[in-house]
Amino acid sequence: MKTDIKDQKLMYWLDQNSRATNKELGKKVGISEQAIGYKLKRLEEKGAIKRYVTFVNTPALGYIHYKVLLRLHNTDVKKEKEIIIFLVKNKNIRWVVSCSGKWDINFSILAKSAEDFTTIYRDIEKKIGDYISEKSVSILIKSPGLTKEYLLGMSEAKIRLYGEKKAEKELDTIDKKILKSISQNSRKNIVEIAEEINSTIDVVRYRLKKLEETKIISGYTVQLGFDKIGVLRYSVFFSLHKMSDEIERKMFEFAQRQNNIVFMLILIGTYDLSLELEVPSYQVLESIIKKFREEFANNISDFEIIFNTDEFKYNFYPF
């Protein structure tokens, strides 16, 4: 799909706050409220915008984020599709991506404890274990995000933190219903939410504000159809040594300077770090990773590049 600078600006600002009104977006993009409505409809119809996502701070709700990579065997296209559908339907899984490279599937499980994770994963293995030749499991410790400056051709990304651990908070039924209602459509208005959960506008407005103030909701973003806008997505996993808080800080400063790095994940498990990149070509990826390896040569033991081919699930509150 061909996009112009206004389309790119719109996607950029939706990525930062997809709950902004058409009027607010119009001021950011420099076009009318009506023109924003037209562009949104066009981008949605063309598949450049897939859905509007609410960032829910699940660590604050007591969840641990496990990143799982699977290498498959004894499968064909039909069987792989069945496996993907099975994972997407699992209410404990918040992200599912098919990929190429060493790994075939990249997904994330939310669990309350190691025991809880074991139960969830064993249930998965009961169904698809015959098709798994190798697996990798890592626990996500922190995941500082970066704005998509590449959409505007800007050089240095701004930090945005999602999933920072705060004091655990128990949600009541109304809170849970609100989060479920907007988890896959953050642009849903308060009237629609109230009708859907059988509550009042005032209650929904108050609860939504509280969820934002307490950082249970840590932001609103957009799921883009990257294949439609000419963007390739890669995850680069690193095994590290001689790590320290200072080295981690320098790595994040490096990530900020590269406008194609959108997440830096600190992990414990098979891997210690993952850089999530959105690039126009493999050559750009190679250039960034080469610089990173040169700058942190004393800290990198090994690395693995995987190409994320298609994103099937992106839901921060899948329950």
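Got a sec? Which of E196, E213 is over 21 Å from N17 (Cβ atoms) and of a type in the set (D, E)?
Just a single option satisfies the conditions, and that option is E196.
If G219 passes every condition in (1) outside any loop (DSSP other than H, G, I, E, B); (2) surrounded by 18 or more Cβ atoms within 10 Å (Cβ to Cβ); (3) at pLDDT 95 or above; (4) touching a strand residue (DSSP E or B) at 6+ places or on another chain (Cβ under 9 Å) but one, which one does it miss?
Among (1) outside any loop (DSSP other than H, G, I, E, B); (2) surrounded by 18 or more Cβ atoms within 10 Å (Cβ to Cβ); (3) at pLDDT 95 or above; (4) touching a strand residue (DSSP E or B) at 6+ places or on another chain (Cβ under 9 Å), the lone unmet condition for G219 is (3).
Within the set of pairs 6 or more residues apart or between chains, which connect a residue that is under 24 Å from S136 (Cα atoms) and assigned by TED's automatic domain parsing to the domain that holds N298 inside region 250-277 to a residue that is part of a helix (DSSP H, G or I) and among the small types (G, A, S) with Cβ atoms less than 7 Å apart?
So the pair list comes out as I261/A255; M264/A255; L275/A255.
With a cut-off of at least 3 residues that are of a type outside the set (A, V, I, L, M, F, W, C), name the strands (runs of 3 or more DSSP E) lying wholly within region 93-158.
93-100, 132-142
Would you check which residues across region 119-145 are more than 28 Å from S218 (Cβ to Cβ) and free of Cβ contacts under 8 Å to residues at least 60 places away in the same chain and list them?
Those that are more than 28 Å from S218 (Cβ to Cβ) and free of Cβ contacts under 8 Å to residues at least 60 places away in the same chain: R122, D123, E125, K126, K127, I128, G129, D130, Y131.
Any chance region 65-80 includes a residue that's closer than 28 Å to L275 by Cα, surrounded by fewer than 20 Cβ atoms within 10 Å (Cβ to Cβ) and among the hydroxyl-bearing types (S, T, Y)?
Looking through region 65-80, none of the residues is closer than 28 Å to L275 by Cα, surrounded by fewer than 20 Cβ atoms within 10 Å (Cβ to Cβ) and among the hydroxyl-bearing types (S, T, Y).
Out of T21, T3, T58, I need the residue that is farther than 22 Å from L275 by Cα and in contact (Cβ under 8 Å) with a residue 24 or more places away in the chain. Which one?
Result: T3 is the single residue among T21, T3, T58 that is farther than 22 Å from L275 by Cα and in contact (Cβ under 8 Å) with a residue 24 or more places away in the chain.
Assuming A20 fulfils every condition listed in (1) at pLDDT below 95; (2) under 15 Å from R187 (Cβ atoms); (3) among the small types (G, A, S) apart from one, which condition is it?
Failing condition for A20: (1).
For region 226-272, give me each residue that is crowded, with 20+ Cβ neighbours inside 10 Å and not in a strand (DSSP E or B).
I229, M251, A255, Q258, N259, N260, Y271, D272
Six or more apart or on different chains, Cβ atoms under 7 Å: show the pairs whose first residue is in region 25-38 and in the same structural domain as D7 (by TED's automatic domain parsing) and whose second is in a loop (DSSP other than H, G, I, E, B) and not charged (D, E, K, R).
Final answer for the pair search is G26/S32.
The values are calculated or read from the model by the stated rules, or taken from the named source; none is laboratory data. Remember, predicted model here, so these are calculated numbers, not experimental data. Backbone-built Cβ (ideal geometry, glycine too); neighbour counts: all protein chains shown.
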